[in-house]
1. Taking 0.36 nm per residue of separation and subtracting the Cα-Cα distance, what length does fully extending SER5 through LEU24 add?
2. Please compute the net charge surrounding HIS35, taking Lys and Arg as +1 and Asp and Glu as -1 over other residues with Cβ under 13 Å from its Cβ.
Amino acid sequence: MKRASTTYRLQLIKEVVTRRERQLSNDPMVNHIQHLLTEQPPEESHHELNGRFHGNHFDEHAGGWISDDWGLK
């Protein structure tokens, strides 16, 4: 594994310290901001109803839109 640069390691340390300070704070606004930063957004489905658009189709396994002209090999 490649050794991380000192700047990157210092940034990680700063982020951990800042996160811990926010978690230990009794300030309601700081707690709310920490909650917003750590909250996972709900999974949004952007799936088209018919799954087709101008000669393309959506393939979840491929992770996007695929041309209808491409065949399976």
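No value in this document is a laboratory result; all are computed from the given coordinates. This is a predicted model, so every value here is computed, not measured. Neighbour counts run over all protein chains shown; Cβ positions are idealised from the backbone, glycine included.
1. Values: separation 19, 0.36 × 19 = 6.84 nm, distance 2.91 nm.
Stretched fully, the SER5-LEU24 segment lengthens by 3.9 nm.
2. Working: positive: ARG19, ARG22; negative: ASP27, GLU39.
With Lys, Arg at +1 and Asp, Glu at -1, the neighbours total 0.
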